[in-house]
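A.B. asks: Input: one structure, supplied below.
The values are calculated or read from the model by the stated rules, or taken from the named source; none is laboratory data. None of these values were measured; they are calculated from a predicted model. Cβ sites come from the backbone with ideal geometry, for glycine too, and all protein chains shown count toward neighbours.
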Amino acid sequence: METLPETGRSTRTWTVFCHASAFAGFFFPGAGHIVGPLIVWLLKRDEFPDVDEHGKESLNFQISMFIYTAALGVVCFILMFVVIGFLLLPLFGVLLVLDVVLVIVASVKANEGQLYRYPLTIRLLK
């Protein structure tokens, strides 16, 4: 097992927090998935350059998931008037599972010192 200097351990801890803090959305529904990574990124981006990259990646993904979920909600609502919308409701579960799985993968990669590029991400923060 490799022994990291204290700054290396701190960097990895904060990069993992950039991704894992998205789980705050389960405790604070709505914008919690975005607020958690945003707080970590804003607090530590100047101190640790890696946190800047991981934070932007995590925020871009969580904002993208928020947009996809909101768009799906609007489409489902409109299509419920013709019954098709009810058939699309399970897609919310698919998006939730996708979000959880990809956040876990990104957290593990961050712990290994790698930047994980989330799929399906709109790159708003560069």
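A.B. asks: Where the second residue is among the aromatic types (F, W, Y) and surrounded by 14 or more Cβ atoms within 10 Å (Cβ to Cβ) and the first is in contact (Cβ under 8 Å) with a residue 40 or more places away in the chain and lies in the range 102-121, which pairs have Cβ atoms under 6 Å and are six or more apart or on separate chains?
C.D. replies: Filtered contacts from the range 102-121: L102/Y118; A106/Y116; Y118/F61; T121/F61.
A.B. asks: Touching a Lys or Arg at 6+ places or on another chain (Cβ under 6 Å) and not aromatic (F, W, Y), is that true of V75?
C.D. replies: no
A.B. asks: Next up: Quick one: count up the residues across the range 1-21 that are β-branched (V, I, T) and either surrounded by 13 or more Cβ atoms within 10 Å (Cβ to Cβ) or modelled with pLDDT of 80 or more (or both).
C.D. replies: Result for the range 1-21: 4.
A.B. asks: Continuing with the same structure: Within the group F66, F28, F23, which residue is free of Cβ contacts under 8 Å to residues at least 12 places away in the same chain and within 30 Å of G85 (Cβ to Cβ)?
C.D. replies: Testing whether each residue is free of Cβ contacts under 8 Å to residues at least 12 places away in the same chain and within 30 Å of G85 (Cβ to Cβ) leaves just F28.
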